[in-house]
1. Within 16 Å of ligand 1 (Cβ to nearest atom), surrounded by fewer than 16 Cβ atoms within 10 Å (Cβ to Cβ) and within 17 Å of G158 (Cβ to Cβ): which single residue out of T85, T77 fits that description?
2. Within the stretch 106-130, take every residue that is within 10 Å of ligand 1 (Cβ to nearest atom) and hydrophobic (A, V, I, L, M, F, W, C) and give me the one that is farthest from S67 (Cα to Cα).
3. Can you pull out the residues in the stretch 17-46 that are within 16 Å of ligand 1 (Cβ to nearest atom) and surrounded by 19 or more Cβ atoms within 10 Å (Cβ to Cβ)?
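The values are calculated or read from the model by the stated rules, or taken from the named source; none is laboratory data. None of these values were measured; they are calculated from a predicted model. Every residue, glycine as well, gets a Cβ built from its backbone with ideal geometry; the counts of neighbours run over all protein chains shown.
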Amino acid sequence: MQLVQVRDKQFEPYLSEAVILQKVKGLAAQLNKDYEGKKPLLIAILNGSFIFAADLFKHMTIEAEISFIKLASYKGTRSSGHVITAIGLDTEVTNRHVIVIEDIIDTGKTLTAFLPQLYNQQPASLKIAVLLHKPEATVYPIAIDYCCFTIPDKFVVGYGLDYDGFGRNLPAIYQLHEEG
Ligand code: XMP
Ligand code: MG
């Protein structure tokens, strides 16, 4: 097994680039069907979702917009439990068909804090699309409409996800390697 080092920790291969891309293309095809004629607005949550959002968006063939917000709650490999809006939304959401694009739902805290802000602006519809979901770690349940992979409660990096700011540029997804 080829381990990769990110900062002080070792990670093992978990989801290959090809497997991820196949799922992401499948999700794009599904959204093309479900949102035909609706001109959806994708709202991607930075930083973690930037690669997922880019791959998903470029495989969408329907008319669609994308915008970004930056929320942060993680410190190292643990959720800090405190959600900060570092860059807010600059796009009108009212009467739009909104799809929130998130890299991973872990405890659910980030989306639980953010979704009411969107609902308050009365979108025509609001759905959640995530690359990864850790059901065993979820404390604040979120109704997820589209999910690429359900994964165990282990810290992951790559494909936009980071450990302490690093590892985002790994093209595949790696899981924290536990010794022994
Ligand atoms: P919550 O707990 O709010 O977490 O659902 C969501 C945010 O925390 C980050 N996160 C991770 N980042 N590997 C990462 O690189 C992980 O295993 C992980 N789990 C959570 C992520 O930014 C997500 O938006
Ligand atoms: Mg994130």
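1. On the way: T85 fails: within 17 Å of G158 (Cβ to Cβ).
From the options T85, T77, the qualifying one is T77.
2. Narrowing the stretch 106-130 to residues within 10 Å of ligand 1 (Cβ to nearest atom): 106-114, 130.
Now restrict to residues that are hydrophobic (A, V, I, L, M, F, W, C): 111, 113-114, 130.
Numbers: L111: 16, A113: 18, F114: 15, V130: 16 Å.
Looking at the filtered set, the residue picked out is A113.
3. Going residue by residue through the stretch 17-46, those that are within 16 Å of ligand 1 (Cβ to nearest atom) are 20, 42-46.
Matches in the stretch 17-46: I20, L42, I43, A44, I45.
Conditions tested, residue by residue: (1) more than 11 Å from ligand 2 (Cβ to nearest atom); (2) farther than 26 Å from K154 by Cβ; (3) at pLDDT 95 or above.
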position	(1), (2), (3)
A53	no, no, yes
G81	yes, no, no
Q117	yes, yes, no
Q121	yes, yes, yes
A124	yes, yes, yes
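Yes/no per residue for (1) within 22 Å of T150 (Cα to Cα); (2) in contact (Cβ under 8 Å) with a residue 12 or more places away in the chain:
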{"site": "Q2", "(1), (2)": "no, no"}
{"site": "F11", "(1), (2)": "yes, yes"}
{"site": "Y14", "(1), (2)": "yes, yes"}
{"site": "V24", "(1), (2)": "yes, yes"}
{"site": "E36", "(1), (2)": "no, yes"}
{"site": "L41", "(1), (2)": "no, yes"}
{"site": "L46", "(1), (2)": "yes, yes"}
{"site": "I51", "(1), (2)": "yes, yes"}
{"site": "A54", "(1), (2)": "yes, no"}
